[in-house]
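Written out below as structure tokens is the structure these notes cover.
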Amino acid sequence: ACFSLGVMVTMNQRLEADTLLLVADEFGFKIEFSDADLEESITEVEADAPEDLLSRAPIVTVMGHVDHGKTSLLDYIRKTNVIAGESGGITQHIGAYNVELEDGQRITFLDTPGHEAFTAMRARGAQVTDIAIIVIAADDDVMPQTKEAIAHAQAAGVPMIIALNKMDRPGANPDKVREQLSAMNVLVEEWGGNVQSQEVSAKIGTNMDALLEKVLLQAELLELTANPDKLGQGVVIEASLDKGRGYISTVLVQSGTLKIGDYVLAGTNHGKIKAMLDERGNPLETAGPAIPVTILGLDGAPTAGDKFRVFTDEKEAKTIANKRDQLQREQSIRTKKHLTLDEIGRRI
Ligand code: GTP
Ligand code: MG
């Protein structure tokens with residue numbers, strides 16, 4: 001029946017819902033679909049009791065047009081707010097970090113390389129960001145990527161804070177930028193709107209404290225909480241293969257607490273956490289809500305945006321990982337235009 005429908009399949013291959021309907025119809029059957037979403041079925045979301053919810057650090061993403069100063073802004077904040085004395089000069093790319101401000105308050109920054117990562121994560125159902133800082137160079141215009149960033153933040157329902165950067169430049173004209181923003185219905189506070197904005201210079205550090213104050217103010221309004229007292233779960237920020245250390249994954253804990261020795265399932269990968277490191281490579285024993293950590297011990301590199309969860313039952317984690325892997329492989333075969341005999345042979 002499948003062949004007559006033009007669907008080339010082998011006997012043990014899964015079919016898409018549409019095909020299933022057609023095939024069943026051929027034989028006079030009707031199909032009733034039940035919810036088979038693997039993701040849903042493993043994340044039985046138990047509501048946390050209100051008394052278990054503790055406040056957590058806000059998770060902030062920095063977005064904006066090319067060269068408007070996203071990296072400079074993040075670098076400045078990291079330089080001035082990490083506790084000094086660690087081995088300096090670490091220049092490797094870091095996907096996420098948590099800073100402690102002078103008064104002990106904490107903010108987690110996600111250094112997503114452009115909006116693609118933000119969108120990719122959202123597309124995979126991972127809503128990780130609480131607040132978006134939109135960086136706009138005050139000596140430039142509201143550019144296409146600025147508009148895109150704003151559109152993404154709005155679509156995700158994430159409050160924005162506009163950082164009018166490069167104020168040290170002679171050509172800086174923040175009013176022109178505010179006007180352009182108002183033309184697209186983004187009204188900053190100075191103009192009677194409700195979007196916070198701050199003039200800054202990421203290069204020389206002007207008003208960076210004030211910007212962070214605004215982030216904290218916004219965070220307070222959001223009343224961000226999480227339950228740290230359960231098995232850890234969250235989202236994969238990035239993952240790669242390190243020559244010396246094997247697969248390393250940077251993950252963001254969203255609730256619960258992640259510990260060394262925990263058995264983790266992340267996307268199609270799994271494994272026992274052998275080591276955990278903070279963004280500067282210092283070892284950690286545990287990581288609670290809103291804390292990004294690099295973990296060692298997974299059997300592969302999960303995809304950015306994959307959810308992860310700790311399992312008490314190692315077998316269960318492996319079974320789910322294998323099922324997902326199988327589904328993914330079948331999916332990738334099906335989406336290929338020309339299936340070769342050789343490929344069919346390999347999958348049986
Ligand atoms: P992409 O990652 O390529 O999109 O750029 P970016 O937004 O991360 O910009 P980046 O921080 O790399 O800054 C781009 C250039 O602008 C660099 O040469 C910075 O030194 C410069 N720059 C960033 N912030 C400021 C600022 O406040 N003042 C001045 N004068 N220059 C700045
Ligand atoms: Mg950059």
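Which of the pairs K214/K259; K230/K315; K274/K307; K70/K272; K272/K315; K259/K318 have their Cα atoms more than 23 Å apart in this structure? As for pairs spanning more than 23 Å Cα to Cα, those are K214/K259; K70/K272. Using the 1.4 Å probe convention, the accessible area of the stretch 220-320 works out to 44 Å² per residue with neighbouring protein chains retained. Taking all protein chains together, E51, E179 sort by accessible area into E51, E179, largest first [probe 1.4 Å]. Evaluated with a Cβ-only charge set (Lys, Arg +1; Asp, Glu -1), the stretch 144-257 carries a dipole of roughly 460 debye about its Cα centre, given to the nearest 20.
Each label point was placed 7 Å from the Cα along the Cα-to-Cβ direction; for Q180 and L222 their separation is 2.6 nm. Label point 7 Å out from E314 along Cα-to-Cβ: which residues of the stretch 267-296 have amide N under 16 Å? From the stretch 267-296, the list is 270-275. Report note on the peptides 251-258, 169-176: ranked by the mean count of other C-beta atoms within 10 Å, highest first, their order is 251-258, 169-176. Multiplying the residue separation of L5 and E285 by 0.36 nm and removing their Cα-Cα distance gives an extension gain of 95.2 nm.
Cβ-Cβ distance of N322 and A49, R₀ of 30 Å, FRET efficiency by 1/(1 + (r/R0)^6): the value works out to about 0.30.
The values are calculated or read from the model by the stated rules, or taken from the named source; none is laboratory data. Not measured: the values here are computed from a predicted model. We place every Cβ from the backbone using ideal geometry, glycine too, and count neighbours over all the protein chains shown. These accessible areas exclude ligands, DNA and RNA; they are computed on the full protein's heavy atoms, side chains included. Shrake-Rupley method; radii C 1.70, N 1.55, O 1.52, S 1.80 Å.
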